[in-house]
Amino acid sequence: MVQVMRALRVSRFGGPEVIKMRQIECPVPQVGEVLVRVRAAALNPADWKLSAGLFQSPMITLPFTPGFDVAGVVEEIGPNVTGFQRGQAVIGWTRRGSFAEYTVVPAGVLAVAPANASFGEAATIPTGASTAWQGLFDNGNLQAGQRVLVQGAAGGVGQFAVRLAKWKDAYVIGTASTSNVELVRALGADEVIDYTATRIEDAVHDVDLVFDTVGDATLASSVQAVKRGGTLVTIAGMPSEEKVQEHGINVKSFGVVVTSDLLQNFSQMVDDGALRLLVGATFHLEDASRAYELCQGGHGRGRIVFTVSK
């Protein structure tokens, strides 16, 4: 049984400089949990915001290990867990910190990893794909043939949204910076708007659904792009009620809920060739500060991933 491990730790709130590698006690899986030997972990914007103290939650107490998304191998299985075996490649979502050599994951948010993906690619799935799915389908009710605008189409959530919307046979318009236009086109978007050269308000009108993954900088154009009676789904900020009423649109915001069923669905889609995965940049845990700086700067492509030694 592993007793100690290396992990990234946040002992005080602040910028990338507060992320430090430490040796700590290895967690022990409790009832309904699985200990996973981490091979890769995805860095989400929420991670640097938590480390900066921008999210206040009674669940966050210093010091803590950041990280939610994980891909790795089952090391140990806790009581009352079925369906997994030691040595099995898995993906999952945890509140216990995935930026470490080991982490515990509730079995209800764990699934078998896709066979046709690397650990780094698989680690991008839990938050990114789940957020895109719930934004487009559970909240946006996207149907085949509808027109959807994805704001921030090259990002960790946006790139999944483009792929999933095309899988649904929707007409997809994506926004991206100049350097990411070709990437978004390669993801399958029918149209790509370079927001540095073209005002989105001038280029896009009367779409059935807008999925906004950016927030404050794009909310105004998102509201104007939706047809009357259409829907704006946002994961980053809300437009004013006055604007919503003026344009006669529906607005929804949500917090992602990751489940093993959803993760297993994504794994199957990857193995079937229906969903491809994109890693934007890869770092070792020891280079966490550089990774955090890149994530904090925004305008990225795909998801930043930490790799962990075998």
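For a Förster distance of 35 Å, can you work out the FRET efficiency between the beta-carbons of VAL4 and ILE60, rounded to the nearest 0.05?
Numbers: r = 23 Å, r/R0 = 0.67.
Computed FRET efficiency for VAL4 and ILE60: 0.90.
Centroid-to-centroid, using Cα positions, segment 239-304 and segment 34-66 are 16 Å apart.
With the alpha-carbon atoms of segment 1-143 aligned to their principal axes, the span from lowest to highest coordinate is 44, 40, 28 Å, starting with the largest.
Connecting C-alpha atoms closer than 10 Å in a GNM of the chain, tell me which of THR259, THR82, THR178 has the biggest fluctuation. Per the Cα network of the chain with a 10 Å cutoff, THR82 tops the list.
Under a Gaussian network description of the chain, with springs only between Cα atoms under 10 Å, the residue in GLY229, GLY156, GLY72 that fluctuates furthest is GLY229.
The share of alpha-carbon pairs in segment 1-73 lying farther apart than 22 Å comes to 26%. Using a Gaussian network model on the chain with a 10 Å cutoff between Cα atoms, which of ASP202, ASP190, ASP212 fluctuates the most? Among ASP202, ASP190, ASP212, the largest GNM mean-square fluctuation belongs to ASP202.
Quick note on segment 142-209: its Rg to Rh ratio, both from C-alpha atoms and Rh being the Kirkwood radius, is 0.93.
Each Lys and Arg adds +1 at its Cβ and each Asp and Glu adds -1 at its Cβ; summed about the Cα centre, the chain shows a dipole of about 660 debye.
Which shape class, rounded, prolate or oblate, goes with the chain when its Cα gyration tensor gives a ≥ b ≥ c as root eigenvalues, a/c under 1.5 marks rounded, and past that a/b bigger than b/c marks prolate? Judged from the Cα gyration tensor, the chain comes out prolate (a/c at least 1.5, a/b above b/c). Starting from the Cα of GLU182, move 7 Å in the Cα-to-Cβ direction to define the label point; list residues of segment 287-306 whose amide nitrogen is under 17 Å from there. Under 17 Å, as judged by backbone N against the label point of GLU182, lie 301-302 of segment 287-306. Enumerate the whole-percent occupancy of each 5 Å bin, from 0 to the last occupied one, for all C-alpha pair distances of segment 128-253. Values per bin, smallest distances first: 2, 13, 26, 27, 20, 9, 2, 0. Which shape class, rounded, prolate or oblate, goes with segment 184-277 when its Cα gyration tensor gives a ≥ b ≥ c as root eigenvalues, a/c under 1.5 marks rounded, and past that a/b bigger than b/c marks prolate? It is oblate, given that a/c is not under 1.5 and a/b is not larger than b/c.
Coordinate-derived values only; no laboratory data. These figures come from a predicted structure and were not determined experimentally. Positions of Cβ are backbone-derived with ideal geometry, glycine not excepted, and every protein chain shown enters the neighbour counts.
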